[in-house]
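A.B. asks: Sharing a structure with you now.
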Amino acid sequence: MGANSVGILLVDDHAILRSGLRLMLERLPGVNAVNEAGSCRAALDQIAVAAPDLLIMDAHLPEMDGIEGTRRILAQHPGLKVIILSGDSSISLILDALRAGALAYVIKENSPEEMARSIQLVMAGKAYFSPEVAAVIARHCRENSLALAGAPAKPPLSEHEKRLLQFVAQGKRNKEIAVILNVTTKSVEAYRSRLMRKVGCGTPAELTRFAIREGLAKL
């Protein structure tokens, strides 16, 4: 683990799981303290008191899930390092965790050695993924590459379309956009429908993701 001692905050809503994981973590060389929290809000209180170096965060928590909790905690404590711990290896959750700022994603069924390895690498500023997670990411990248290779080139967007896309990504409603553009709501609906067909998106959420990929909106 290295010469420097590591303070860990374990965030999970299951007390039995927390206790078992805490015992395992406390046996690792280089781990100097392990504190616990049952929710993201409790984690913020603990961070203020214990000042941990590393959070091991369950992805699924009550009230506020671990992904959103990671995003909010890192906004207040950008120096913290976060490992997401989950039994769910879906690509959407993995990508959300990375976008939130987590450096590692570990599956709960993995061995203690796997957790020790993830802590070692994350504390060295490196990323780590359980083998199952790495396989999911690799498959996702491969499928995306194949899809992009076979997809016809999309026509370029006009400045008007880019502006409309930005408004949609910001969560603005058709009435709000109509006021800004000084047009009718029906005109905005028509523009929006035409834009969705042009870029191949079926929902506002897909439009938002498209805007982020194209660099027209931020996460």
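A.B. asks: If you average the sequence gap of Cα pairs under 8 Å that are 6 or more apart and divide by the length of segment 1-85, what percent do you get for the contact order?
C.D. replies: Numbers: 137 pairs, mean separation 27.1, N = 85.
RCO, segment 1-85: 32 percent.
A.B. asks: Report the far tail of the P(r) of the chain, meaning the percent of Cα-Cα pairs longer than 30 Å.
C.D. replies: 39
A.B. asks: With an 8 Å Cα cut-off and a minimum separation of 6 or more residues, compute the relative contact order for segment 72-190 in percent.
C.D. replies: Working: 91 pairs, mean separation 21.4, N = 119.
About 18 percent, as a whole number.
A.B. asks: Also, I was wondering about something else. Quick one: helix 40-50 against the long Cα principal axis of the chain, what's the angle to the nearest 10°, folded into 0 to 90?
C.D. replies: 50
A.B. asks: Next up: Between Val199 and Ser158, what length comes free when the chain is fully extended (0.36 nm per residue of separation minus the Cα-Cα distance, one decimal in nm)?
C.D. replies: Separation in residues times 0.36 nm, less the Cα-Cα distance, equals 13.6 nm.
A.B. asks: Under 23 Å between C-alpha atoms is the cut-off here; go through the chain and count lysine pairs that meet it, provided they're at least eight residues apart or on different chains.
C.D. replies: Lysine pairs satisfying the spacing and distance rule in the chain number 20.
A.B. asks: What list of ³J(HN,Hα) values in whole Hz, one per residue of segment 68-82 in order, does the Karplus curve 6.51 cos²θ - 1.76 cosθ + 1.60 (θ = phi - 60°) give from phi, with Gly and Pro shown as x?
C.D. replies: With coefficients 6.51, -1.76 and 1.60, one gets 5, x, 4, 4, 6, 5, 5, 5, 8, 9, x, x, 5, 10, 10 Hz.
A.B. asks: On alpha carbon coordinates alone, what is the Rg over Rh value for segment 111-214, Rh being the Kirkwood radius? The partial results should precede the final answer.
C.D. replies: Values: Rg = 20.3 Å, Rh = 16.9 Å.
That ratio is 1.20, to two decimals.
A.B. asks: For the chain, which whole-number percentage of the solvent-accessible area (1.4 Å probe, protein heavy atoms only) is attributable to carbon and sulfur atoms?
C.D. replies: Numbers: 6410 of 12100 Å².
Ligands and nucleic acids excluded, carbon and sulfur reach 53 percent.
A.B. asks: Return the sequence-ordered ³J(HN,Hα) values of segment 192-208 in whole Hz as given by the Karplus equation 6.51 cos²θ - 1.76 cosθ + 1.60 applied to θ = phi - 60°, using x for Gly and Pro.
C.D. replies: Along segment 192-208, the couplings run 5, 4, 5, 5, 4, 5, 5, 9, x, 10, x, 9, x, 5, 5, 4, 5 Hz.
A.B. asks: Please give the per residue accessible area of the chain, computed with a probe of 1.4 Å over protein heavy atoms only, in Å².
C.D. replies: That works out to 55 Å² for each residue.
A.B. asks: If you take the beta carbon distance between Leu181 and Ala75 as r and set R0 to 41 Å, what does 1/(1 + (r/R0)^6) give as a FRET efficiency, to the nearest 0.05?
C.D. replies: Using R0 = 41 Å, I get an efficiency of 0.80.
A.B. asks: In sequence order, what are the phi-derived ³J(HN,Hα) couplings for segment 26-38 according to the Karplus relation 6.51 cos²θ - 1.76 cosθ + 1.60 with θ = phi - 60°, rounded to whole Hz, with x for glycine and proline?
C.D. replies: After applying 6.51 cos²θ - 1.76 cosθ + 1.60, I find 5, 7, 6, x, x, 8, 9, 7, 10, 10, 10, 8, x Hz.
A.B. asks: Would you look at the GNM of the chain, springs on alpha carbons closer than 10 Å, and say which of Ala205, Ala138, Ala42 moves the most?
C.D. replies: Maximum fluctuation in the GNM of the chain, among the listed residues, is at Ala205.
A.B. asks: Give me the three principal axis extents of segment 25-143 from the C-alpha atoms, as integers in angstrom, largest value leading.
C.D. replies: 45, 33, 23
A.B. asks: While we're here: State, to one decimal in nm, how far the label point of Asn35 lies from the label point of Arg117, with both points 7 Å from Cα in the Cβ direction.
C.D. replies: Using points 7 Å along Cα→Cβ, the separation is 3.1 nm.
A.B. asks: On to the next question. Give me, ordered by chain and number, the residues 5 or more places off Glu36 or on other chains with an amide H under 5 Å from its own placed amide H.
C.D. replies: Leu10
A.B. asks: What translational diffusion coefficient, in µm²/s and rounded to a whole number, does the Stokes-Einstein relation yield for segment 1-50 at 4 °C and a viscosity of 1.567 mPa s, taking the hydrodynamic radius as the Kirkwood radius over Cα pairs?
C.D. replies: Answer, rounded: 115 µm²/s.
A.B. asks: Using helices alone, I'd like the mean residue ellipticity at 222 nm for the chain: each DSSP H run of four-plus residues gives -39500 (n - 2.57), total over residue count, nearest 500.
C.D. replies: Estimated from H runs of four or more residues: -17000 deg cm²/dmol.
The values are calculated or read from the model by the stated rules, or taken from the named source; none is laboratory data. These numbers were taken from a predicted model, which means no experiment stands behind them. With ideal geometry, Cβ positions are generated from the backbone for all residues, glycine too; neighbour counts draw on all protein chains shown. Note: areas computed on protein heavy atoms with side chains; ligands, DNA, RNA excluded. Shrake-Rupley method; radii C 1.70, N 1.55, O 1.52, S 1.80 Å.
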